[in-house]
Each structure stands twice: as structure tokens, then as C-alpha cells.
Amino acid sequence: MGGMFESFLRAAMVVFIVGPLTAWVARRGARERSEATESLDRFTVRMPSAVRVIIACCAVAFELLMLGVYVWQGVTLGEWDHELMWLGHAMALAGMAIWALLSIPRLDVDGERILSRNVFGLRRETSFGNITHATLHTQMMRIDLLEGDRKFASISLEGVCSLNLLARLEKEGIEVSDAIKGPMTKVSLCWAAIKPLTIVFMGMALVFSLVIAFMAVFTEDGARLLMLVPFLFLLIGVCLPVTMLCMPARGILEIGKQERALGFSFAEEMERRGVTGASLVDDDWFIEISNARVVAFRRDYLKKVTAHEGSDSGDRCVVTTKDGRKTRVYAAGSTLEDLRSWFMQGAKAKSMVDRAEDALEATV
């Protein structure tokens, strides 16, 4: 009975706290970006304040919660209470470290000047005249500015005024290219889809491991806790990303069905066309990665694409193949709209600003 109650509390926390809080942060971030200045001469690219405030509040809440246990017990702690208090300190420190990583990096544009501050607080300055090119990674949500072969700065695409930066680069005539340069294959598409999740899970495993190491130093018999670290990395850093492979696998299997139905090799066709990266939209192909899912169709394979609709599993549409088979396609609403528009009206050229906007819409 106790296990059932614990499972109910865990599910209730996800449904009533974590889910709504995550959605609120995403909406607030989108609102901050929409209300930001439209100036291309003076602006600052940094993470939305809503994200930073929530992380800081969580860190403070952990500290206050565990100090509350200390006071409630009359300033005398048992062994379990002692470990619980140090867990609160460790989680609070981890939260403040994450807050710092999100709050410190920024990029200021003042006319021709560009001032960058990285996660360590180090400042660098340059001008648009020295920026030779830039790269956009829509899956990692990152913009890189380069001076020749040397990287000047990296800034999050989710930051306020990030679109201003891309528009300014376009205005200055600075090329913005896709950050993924390797040849397009089914394996590369699958990896590009789960790479952000893998990095997030590895980061979580690292944070939890540091928390355990902190507790091991300040609690009795803490050395036993260190035995959990390898299992954490195995579970969170390896098993969870492998489980997430089921998300892009549906799209990869759909490419295989197209290969068999139309009699071609996806890898050979992409190599012959010289396609690189993880996105391709032309008269023959629509290939995009959205919400860790691969959406890839050849025009002569499709007969009909319906308008997208919402569902419990996310936005989806139904595509009908030439042989009459129907299949559901799950992705962000903007990606599904683009798929239907591509099928009905043909390919439309998209700038890097348009691709960035689509990537940001997928996060809301």
C-alpha cells in the first residue's frame, strides 16, 4: 500500500507541478523573446529571466526545506536527519551552480561592437567586421560566432534577442551555416535527434554524482554512497538515451519503408546529392528533426498529408502513401505545417532566421 501511495505522489508531482511549471517557463521565455527590443543596433542576448528565477527559487527552496527540518527537530538531528540536511545543502549548491551557468553567459551588441561573457565570466570584445561566419545548431539551440577558424563566442538560441543577432548577421552579409557538417545518413539523423537529450541526461548524472560526492564528504559512512555514482551514469547517462531512441526510430523505419517501396538507397542518394547536416527541404525531399523525432518523406512516396491536430502524445498529422497506407507523424506543429505546405505548394526557401524561429516555436 505504501508503494502504491508513493507512486501516486510521484505521478501527481509530475502532472500537477513539474509539467505545468515547465510549460509556464517555456511560455514566459517565449513572451520575453516576443517583448524584447527589435533593434538590431543595441541589444543583449541572454537567457530569459523566468528560467533563471525558477532555478534560483528551487535552490533556495531546497536550502530552506532542509534548514526547516533542522529547526523542527529542535536543533538536534538523528543520523537520517543529518544526511537529509546535507542533501539539502548539496542540492541547493547544485541549483545555484546551474543558475550561474545560465545567468553569466551573455552577448552585448552596441553598434559595431560585440562584447561576449562566457560561463567563467571572462569577457572578450570584437566587431562585426572581424566575424567571418557563424553556425546555427537548431537541435542544440546554439549560435556560434567565429573569427576565421577561431570561435569567438557561443550563445543559446533560447536567449532573449537571439533572433536579433541572426538578423544582424544577415544584415551584415555574414554567412550563417548549419553547424552539422557531416554527410546525412540514417545513423546521423538518429544521433542528431537524441544528442540534446543525451547531453541533458549526462548533465543530470554529473549533477547527481556531485551531490552524492558532497554528501559522502560530510556524512558518516558516506563512502558507501560513492558506489552509486557508476550506476547513476549507467542508468541516466546510458540507459535513458538508449530508451529515447524509440522517438527517432519511427522516422528512421519510415525511411526504410520508402527505400523498399521506391527501390533506392537513402545513404547513396544523399551522398550523390552532396547533402550534409540534419535538414533538407527541396522539391523531392522533406527532412527535418523536431522534438527528437525524424520527419523524412520523399514526394513521390506520398499521396496525401492532413492538417495537424493536437493529441495526448503531442501534435500529429496523418500521411497517406501511394499504396494507400496511412501513418501518423508526430512532431512540433510548425514542422507538420511545413510538411503539409511543402507537399501541397512545393518547397520554399528558408533563411536561418526562419529555421531558428521554427526551432523556438517547437519548445513552447
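Spread over its residues, the convex hull of the C-alpha atoms of region 246-298 is 73 Å³ per residue.
When the Cα atoms of region 137-282 are aligned to their principal axes, the ranges along those axes come out at 63, 46, 26 Å in descending order. Calculate the FRET efficiency for R52 and R124 from the Cβ-Cβ distance with a Förster distance of 25 Å, rounded to the nearest 0.05. Once rounded, the FRET efficiency stands at 0.65. Given A296, A356, T320, which one lies farthest toward the positive end of the charge dipole of region 281-364, if we put +1 on the Cβ of every Lys and Arg and -1 on the Cβ of every Asp and Glu? Value: T320. Length available on full extension from A213 to K151: 0.36 nm per residue minus the Cα-Cα distance, which gives 18.9 nm. Cα-based values for region 245-364, radius of gyration first and Dmax second, are 13.7, 40 Å. Could you tell me the calculated FRET efficiency between E172 and I104, based on Cβ-Cβ distance and R0 = 22 angstrom, to the nearest 0.05? The pair E172/I104 has a calculated efficiency of 0.25. For the pair V242 and D41 in one chain, pulling the backbone fully straight at 0.36 nm per residue adds 67.9 nm over the alpha carbon distance. Heavy-atom accessible surface of region 102-253, averaged per residue, reaches 51 Å², computed with a 1.4 Å probe.
For region 206-273, pairs of C-alpha atoms spaced more than 15 angstrom apart make up 69 percent of the total. Between K181 and L67, the C-beta separation translates, for a Förster distance of 30 Å, into a calculated FRET efficiency of about 0.05.
W191 exposes around 130 Å² of accessible area when a 1.4 Å probe is run over every protein chain in place. Compared with the alpha-carbon gap, the fully stretched path from R299 to V318 is longer by 5.4 nm at 0.36 nm per residue. Rolling a 1.4 angstrom probe over region 169-214 with all protein chains present gives an accessible area of which 74% lies on carbon and sulfur atoms.
The values are calculated or read from the model by the stated rules, or taken from the named source; none is laboratory data. Computed from a prediction, not measured in an experiment: that's the story for all the values here. Methodologically, a virtual Cβ is constructed for each residue, glycine included, from the backbone with ideal geometry; neighbour enumeration extends over all protein chains shown. Surface accessibility is based on the protein's heavy atoms, side chains included, excluding ligands, DNA and RNA. Shrake-Rupley method; radii C 1.70, N 1.55, O 1.52, S 1.80 Å.
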